């Protein structure tokens, strides 16, 4: 038996997610592409799984037309790099928690609709997808995440794993702080 980090820590963590009925995908050798890619990402800098997000919005809001769904997706994935990380995170958190407001216009009326992003009352209506060894590119650097959990295509769970002999504070200093500065777009979505 191997005693590496993958065997001792990562695989048991993945097994826990599988036990909670999350779909799991190992992404070390991810093939990019919206239709035939491993995760549906077009670029390594993409941190939202757009196809899964689109499908979830469509499922949770069956009366919404394609153009409004596209508007909601665009609002959730728009570039927030000019904002502080905290402001970006708070803005997205509000959209996820309260829904995205869009204007629906037909021949006679104009209505503001609140589009549900996550079904908080019936979690089984959501899509849960865990990636291991996912590469994400920032403005300059590329980093590999141990585990990223996506709910309806949004990266809401970030897990950095270390073997028990590594000091947690060193893992924080070496990894998490580095990730937050090199790939901040990942952290706009999680709390």
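None of the figures in this text is laboratory data; all of them are computed from the coordinates on show. Computed from a prediction, not measured in an experiment: that's the story for all the values here. Note that we place each Cβ from the backbone using ideal geometry, even for glycine, and neighbour counts take in every protein chain shown.
With the convex hull of the Cα atoms taken as the outline of segment 5-188, the averaged projected area works out to 12.0 nm². Computed from the mean reciprocal separation of all distinct C-alpha pairs, what Kirkwood hydrodynamic radius does segment 78-122 have, in Å? The Cα-based Kirkwood calculation yields 12.4 Å. When both bridge partners sit in the chain, DSSP labels roughly 85% of those beta bridges antiparallel. What separates the Cα centres of segment 36-72 and segment 122-191 is a distance of 20 Å. The ranking of 32, 147 by Cβ neighbour count inside 10 Å, starting from the fewest, reads 32, 147. Along its principal axes, segment 85-168 has C-alpha extents of 65, 34, 20 angstrom, given from the largest down. Between the helical axis of 50-60 and the longest alpha-carbon principal axis of the chain there is an angle of about 50 degrees. Ranking of 54, 28, 93 by neighbouring Cβ atoms within 10 Å, starting from the fewest: 28, 93, 54. Once both axes come from the Cα atoms, what is the angle between helix 66-77 and the longest principal axis of the chain, in degrees from 0 to 90, rounded to 10? With rounding to tens, the tilt is 40 degrees. Highest-first packing order for the peptide set 104-115, 14-25 is 14-25, 104-115, based on the mean count of other beta carbon atoms within 10 Å. For the chain, the longest principal axis of the Cα atoms and the long axis of helix 85-98 meet at an angle of about 60 degrees.
Scoring 62-74, 38-50, 165-177, 134-146 by mean Cβ neighbours within 10 Å over their residues and listing the highest first yields 38-50, 134-146, 62-74, 165-177. For segment 5-188, the relative contact order is 25 percent, taking Cα pairs closer than 8 Å that sit 6 or more residues apart in sequence and dividing their mean separation by the residue count.
With helices as the sole contributors, the chain gives -8500 deg cm²/dmol at 222 nm; each DSSP H run of n ≥ 4 counts as -39500 (n - 2.57), and the sum is divided by every residue.
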